[in-house]
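Written below as structure tokens is the structure these notes are about.
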Amino acid sequence: MSEPLPRALDVRTLADAGTTLTGSASLDQFPRLADLAAESHADAALLQSLGLVRWTAQFLLQRVTGAVDQPALHLTVDAQLPLECQRCI
């Protein structure tokens with residue numbers, strides 16, 4: 001499992017360097033996703049069985065017409081989420 005990200009990042013410095021960060025964590029480490037799973041009656045065992053949430057954060061400079069290049073973030077997340085059929089519940 002990867003190290004957790006710090007609470008604050010210097011986005012400009014990361015974008016200037018073209019940094020890409022990657023990591024993974026279990027689904028139960030994401031409180032909002034875990035809350036959604038709880039609403040769909042998924043238990044802790046199910047959350048563990050779904051595997052890891054894998055993410056990649058790519059920092060880059062994005063050209064803006066008539067302005068200084070702006071830092072940007074491209075975030076990709078790959079996860080399996082428990083879903084409940086909304087028609088038949």
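The values are calculated or read from the model by the stated rules, or taken from the named source; none is laboratory data. Bear in mind the structure is a predicted one, so any value in this text is a computation, not a measurement. Protein only, heavy atoms only, side chains kept; ligands, DNA and RNA dropped before computing areas. Shrake-Rupley method; radii C 1.70, N 1.55, O 1.52, S 1.80 Å.
General observations
- Residue match in region 61-70 (condition: open to solvent by 50 Å² or more (accessible area, probe 1.4 Å) and at pLDDT below 70): no
- Test: residue in region 36-51 that is open to solvent by 90 Å² or more (accessible area, probe 1.4 Å), at pLDDT 90 or above and either on the phi > 0 side of the Ramachandran plot or outside any loop (DSSP other than H, G, I, E, B) (or both): no
- If only residues of region 11-30 that are open to solvent by less than 90 Å² (accessible area, probe 1.4 Å) and either over 25 Å from residue 70 (Cα atoms) or assigned to a loop (DSSP other than H, G, I, E, B) (or both) are counted, the one that is modelled with the lowest pLDDT is 28.
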